[in-house]
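The values are calculated or read from the model by the stated rules, or taken from the named source; none is laboratory data. Computed from a predicted model, the values in this text were never measured in an experiment. Cβ: placed from backbone, ideal geometry, glycine included. Neighbour counts: every protein chain shown.
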Amino acid sequence: MITINGEKMSKSLGNVKTVRHVLENWGPNVIRLFCLSGHYSKPIDYTEDLLKENLVKWRQLETCYYELRLANGTGGADSISSIILDSKQKFDISIENDFNTPQALTEFFNMIKNINGLAAEEKITKDIADMIMPILEYMLDVLGLNVVKATDNEISSIFELIKTREEYRKNKQFEEADSIREKISNMGISLIDHKEKTLWMKKEEIKADY
């Protein structure tokens with residue numbers, strides 16, 4: 001049963017939200033997160049604020065995915081493997097315990113938070129990413145979530161654009177650098193600037209994000 005701001009959804013109250021309307025504004029992944037955040041056996045209350053919270057989580061997830069996808073370097077996998085495997089175990093237990101998706105999402109996003117924390121400290125290596133990515137993909141599959149993925153050719157061309165932008169910035173050609181950034185943004189790409197490097201993520205286009 002779905003309520004809206006604590007009230008029963010009905011035409012007489014004028015509070016009906018169609019699936020088409022919600023999909024067009026929020027996209028399927030945010031809606032799935034919203035639905036999974038409540039237990040299937042209990043009513044779920046539709047509010048725009050809850051959708052906004054799930055949109056923030058979705059952007060965190062996209063950042064995490066691309067931090068792993070674009071990682072390089074070696075080492076460090078042993079130091080985090082036990083934490084990631086523990087997250088997967090708790091995630092599976094939650095799903096198997098009467099399909100407790102709210103708890104499963106808690107475990108899932110705790111893992112995302114840990115990964116993004118390491119990324120912020122520039123500690124994500126390809127070895128770490130290769131260990132984590134299959135587990136992340138498994139959880140995404142169980143939850144029915146789909147990150148917008150870049151092809152190898154896209155990855156190569158975007159890094160070329162980023163390299164050109166950095167050269168412009170070094171030469172204090174800021175107008176040209178801004179033009180490259182705008183071109184990258186128009187491709188649905190958001191830059192992630194670290195101290196030693198610039199990474200990026202391919203964002204799902206969501207109208208409500210503007």
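Structure summary
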read-out	value
Exclusive hit being in contact with a helix residue (DSSP H, G or I) (Cβ under 9 Å, 6 or more places away or on another chain), surrounded by fewer than 18 Cβ atoms within 10 Å (Cβ to Cβ) and without any contact (Cβ under 8 Å) to a residue 12 or more places away in the chain, set I93, I44	I93
Among (1) more than 21 Å from the chain's Cα centre (by Cα); (2) over 30 Å from E24 (Cβ atoms) - the single one T198 does not satisfy	(1)
Criterion violated by I4 - all others in (1) within 22 Å of the chain's Cα centre (by Cα); (2) surrounded by 16 or more Cβ atoms within 10 Å (Cβ to Cβ) satisfied	(1)
Region 49-88 - residue that is free of Cβ contacts under 8 Å to residues at least 60 places away in the same chain, out of contact with any helix residue (DSSP H, G or I) (no Cβ under 7 Å at 6 or more places or on another chain) and within 28 Å of V19 (Cα to Cα) and, of those, surrounded by the fewest Cβ atoms within 10 Å (Cβ to Cβ)	D49
Qualifying residue in region 70-92 (condition: within 12 Å of the chain's Cα centre (by Cα) and either outside the structural domain of D127 (by TED's automatic domain parsing) or part of a helix (DSSP H, G or I) (or both))	no
Which numbered condition M187 fails, given (1) at pLDDT 95 or above; (2) in contact with a strand residue (DSSP E or B) (Cβ under 9 Å, 6 or more places away or on another chain)	(1)
Test result for D193, more than 24 Å from P28 (Cβ to Cβ), out of contact with any strand residue (DSSP E or B) (no Cβ under 9 Å at 6 or more places or on another chain) and not aromatic (F, W, Y)	no
Which numbered condition E122 misses (of (1) free of Cβ contacts under 8 Å to residues at least 60 places away in the same chain; (2) over 22 Å from Q89 (Cβ atoms); (3) of a type in the set (D, E, K, R))	(1)
Count of residues meeting criterion [in a helix (DSSP H, G or I) and either exposed (fewer than 13 other Cβ atoms within 10 Å of the Cβ) or β-branched (V, I, T) (or both)] in region 186-210	2
From I128, I155, residue being buried (at least 19 other Cβ atoms within 10 Å of the Cβ) and farther than 18 Å from R32 by Cα	I128
